[in-house]
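Data block below; observations after.
The values are calculated or read from the model by the stated rules, or taken from the named source; none is laboratory data. Note that the structure is predicted; figures quoted are calculated from it, not measured. Cβ coordinates were reconstructed from backbone atoms using ideal geometry, including for glycine residues, and neighbour counts include every protein chain displayed. SASA here: full protein model, heavy atoms, side chains in, ligands and nucleic acids out. Shrake-Rupley method; radii C 1.70, N 1.55, O 1.52, S 1.80 Å.
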Amino acid sequence: MNGLANGHADAVSERLQIINDEKKFTPDLTAQLEKWGLQDAGFGYNIVAVFGSQSTGKSTLLNRLFGTTFDVMDETRRQQTTKGIWMCRGRDMNIMVMDVEGTDGRERGEDQDFERKSALFSLASSEVLIINLWEHQVGLYQGANMALLKTVFEVNLGLFGKNATGGRTLLLFVIRDHIGQTPLANLQATLTADLMRIWESLSKPQELADRQLSDYFDLSFTALPHKILAADKFESEVLNLRKRFTDKDSSDYLFKPAYHKRIPADGVAFYMENIWEQVQSNKDLDLPTQQELLAQFRCDEISTVALSEFNEQAKSQKRPVEGGKVVDGLGELMRTWRTEALVRYDRDASRYHQGVYKRKRADLVAALDAVLTPLFLGQLKNLHKTCLVAFKKELLDGLRGEGYNFADVVSKARERCLGRFEAAAKEALIEGPEWTYEDELVSLKEEVRSVADQCRKDETKKMVNQIERTFKKQISEPIELALTKAAPDMWDDILRTFRQTLDKAEASYLTKATSFNCTDEENATSLAVLRRRAWQALREKIDEQTAEPVMLAKLRGHFEERFRYDATGVPRVWKPEDDIDGAFKVAKDQTLDLIPLYSKIQPTDASLEYALPADSLVAPTDGSSSEDYDFAATLVIFSETKGLELTQKFRREADAYYVEAKRSTVASIAQIPYWMYGVLVVLGWNEAMAVLFNPLYFAFLLIALASAYAIVQLGLVGPLLSITRTVGGEIQKQASNRLREHFSQPVLTEPVRNSTRRAVDEDDEDGELARRRPQVM
Ligand SMILES: Nc1nc2c(ncn2[C@@H]2O[C@H](COP(=O)(O)OP(=O)(O)OP(=O)(O)O)[C@@H](O)[C@H]2O)c(=O)[nH]1
């Protein structure tokens, strides 16, 4: 019986290494739980673990508190006792106690992997985690394992922070070898502040960013006196603490239900194994060694200083570049800033862990380039703009004045523009970042080409306009002359002149176009436009010359030439015997024949007929018109109705000429007839004899003769003659007027009446003349 009881007692106090040195989780936990009699405990059990530096009396404390059998360090050898994680059942209590390998162990050196993983495992799986530390460790960062706690909190939050059912955990700080000089409250405040600080500095997952330490952990603090120097007090305090773990009725009972993980006892083995697996596979725990940590910290600092100085320098050119200015020597400036920053970094950081130094250097280079790249791109954009502006200006300057070769001007300006861009872009390139200016250059080339094209189009237009003006000048006079002459082959002359002048204009265009590098298609379009405009110019000239007043003047001129001048070109003086009617009719008919001649462009020689080519008829692409050209319509100068209107107007004018001619014959008839002078001699003979034979009259005659002699002698003949002529002329004028008034009075009213009637009855012209004749006579 005793043997059995002893056997059971041994099994209960047996301990098990649940995680060994090789970080392997034991497969025997379930069996051990069975042996401990906890397998069927359901939720009736608790888990506690310990955390702290190596050889700080963790195992001693656990054994005292829970009656466990963990190994305690042999004082004489002072070496690590606990390796891995051990578990033991508390004596007479359903408590699974875990003794965890101490942190900061000499044996593991800088390999902190296991201590992180074991600490995290303890934190995640236990209800109460005893954080065991010497009093003198309080306030230290590394000594108090704060760095380790930070890492563990961080990973714990990432791994298990979202698990709302995981429950809270009590962190029980046990301060060992508490002398009492510093009250527990002060130590507690220091530790709480430290914890809060590391919690704040955690990098938390985004969704847990506002979680507080108190959301996951409760804090409790207790102090134990020196085990050897105050052995009794130590023992009694340990007992007090033990009660807090065991006395469920105590107000400060530590295993509060809130801390329970709610895993039935038979699932604990699986649950723990699972936690260990997660802990093991978590990459976040593979943190760098201290050396690396230090390197990271320092390299970051050095890099920040270098970067901030670099940023200051770069800022000075940021505004000008953003403002569209091309900064001279920007490449050199950028190279200097970049090199200075890297030299500064290399000088201070290269002494640290090489891997970290190189990694951070790459980060720094990327940060430097991220600042420089916009400057480079901005510089390229500004260069692009300025070079293009310069190109345009050079082009316009080159095309000013006369005698330039367009192709030459363009190619020189282009070469200079691209050369300037490439040189400045090359200067801005720096070694290191994979920058290129090719894309910008391609886009610049494209824009230069399109500007040159536009310019060429404008120039071609200008040239066509110039040729058109010359064309107009050249055809103006010949057309005017031909239209004035009004010969039957008038249109032949006009069309011949038109063709010759157009041929010259086309040849002139083609000669000039070669220097413009125009494509065949562009030439064809320009020529089509030129032909169409030439024809329009011809039409304008013809329209100008055939406008109604001009046309009437032409007809009048033509008529006058035939009616008022004879065949030899001498002005006619109509005599009564002249055939005014015949001459009038001939002149008028010949003149009226001109109206159909003027009304249509119709050469007598059919080979001279002109038709615009089809491509000149389509609507021009320059937007000057949206309609196709109706060439056939342009051949008609004026319509038949217009012709009839002209005929009527001309007839009225011709009639006035006729009347005038008639009147001039009356005027010549109205002179004093010569026989009147004979009548005067016959009738005045007696009076003459009376003068000769009357002494008085004779004396008067002699005096008159003497006076005449004296006048001749004195040279007064001229003045006297002129006086006499003036007086005589005046008298003759008066007499003539009287006679004309007398003879012309009845004739004046007739033509007005007749011409009105003539408008009504045009065909009866001859009859009308016959009626008029006796009245005039
Ligand atoms: N000064 C002092 N020494 C103690 C105290 N508790 C235990 N020790 C001694 O400290 C030494 C280490 O004790 P352990 O209990 O093995 O310490 P540990 O933290 O479990 O050690 P590891 O398991 O190796 O990490 C032993 O020699 C103990 O006698 C204490 O409260 N004060």
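Return yes when Thr591 is among the β-branched types (Val, Ile, Thr) and under 30 Å from Leu399 (Cα atoms) and no when it is not. First the steps, then the outcome.
Numbers: among the β-branched types (Val, Ile, Thr): yes; under 30 Å from Leu399 (Cα atoms): no.
No: the conditions fail for Thr591.
Has the range 62-72 got any residue that is closer than 21 Å to Trp36 by Cα, out of contact with any helix residue (DSSP H, G or I) (no Cβ under 9 Å at 6 or more places or on another chain) and either modelled with pLDDT of 80 or more or away from the ligand (no atom under 12 Å from the Cβ) (or both)? So far as the range 62-72 goes, yes, one or more of its residues are closer than 21 Å to Trp36 by Cα, out of contact with any helix residue (DSSP H, G or I) (no Cβ under 9 Å at 6 or more places or on another chain) and either modelled with pLDDT of 80 or more or away from the ligand (no atom under 12 Å from the Cβ) (or both).
Out of Thr568, Thr591, Thr604, which single residue is in contact with a helix residue (DSSP H, G or I) (Cβ under 8 Å, 6 or more places away or on another chain), open to solvent by 80 Å² or more (accessible area, probe 1.4 Å) and β-branched (Val, Ile, Thr)? Spell out how you get there, then give the answer.
Details: Thr568 fails: in contact with a helix residue (DSSP H, G or I) (Cβ under 8 Å, 6 or more places away or on another chain); Thr591 fails: open to solvent by 80 Å² or more (accessible area, probe 1.4 Å).
Going through Thr568, Thr591, Thr604 in turn, just one is in contact with a helix residue (DSSP H, G or I) (Cβ under 8 Å, 6 or more places away or on another chain), open to solvent by 80 Å² or more (accessible area, probe 1.4 Å) and β-branched (Val, Ile, Thr): Thr604.
For Lys473, the requirement of being in a helix (DSSP H, G or I) and either within 25 Å of Val371 (Cα to Cα) or modelled with pLDDT of 90 or more (or both) is met.
When residues in the range 8-61 are screened for being within 15 Å of the ligand (Cβ to nearest atom) and open to solvent by 50 Å² or more (accessible area, probe 1.4 Å), 3 of them pass.
Evaluate the range 135-148: report whether one residue or more is open to solvent by less than 40 Å² (accessible area, probe 1.4 Å) and at pLDDT 90 or above.
At the first step, the residues of the range 135-148 found to be open to solvent by less than 40 Å² (accessible area, probe 1.4 Å) are 135, 137-138, 143-148.
Filter again for at pLDDT 90 or above, leaving 135.
Yes, the range 135-148 contains a residue that is open to solvent by less than 40 Å² (accessible area, probe 1.4 Å) and at pLDDT 90 or above.
Regarding Pro488, is this residue without any contact (Cβ under 8 Å) to a residue 12 or more places away in the chain, surrounded by fewer than 17 Cβ atoms within 10 Å (Cβ to Cβ) and either in contact with a helix residue (DSSP H, G or I) (Cβ under 8 Å, 6 or more places away or on another chain) or over 30 Å from Ala452 (Cα atoms) (or both)?
Numbers: without any contact (Cβ under 8 Å) to a residue 12 or more places away in the chain: no; surrounded by fewer than 17 Cβ atoms within 10 Å (Cβ to Cβ): yes; either in contact with a helix residue (DSSP H, G or I) (Cβ under 8 Å, 6 or more places away or on another chain) or over 30 Å from Ala452 (Cα atoms) (or both): yes.
Taking the combined requirement at face value, the residue does not satisfy it.
Checking the stated criteria, Thr386 turns out to be over 30 Å from Phe297 (Cα atoms), among the β-branched types (Val, Ile, Thr), part of a helix (DSSP H, G or I) and within 25 Å of the chain's Cα centre (by Cα).
Among the residues of the range 226-264, just one is touching a Gly at 6+ places or on another chain (Cβ under 8 Å) and within 16 Å of the ligand (Cβ to nearest atom), namely Lys227.
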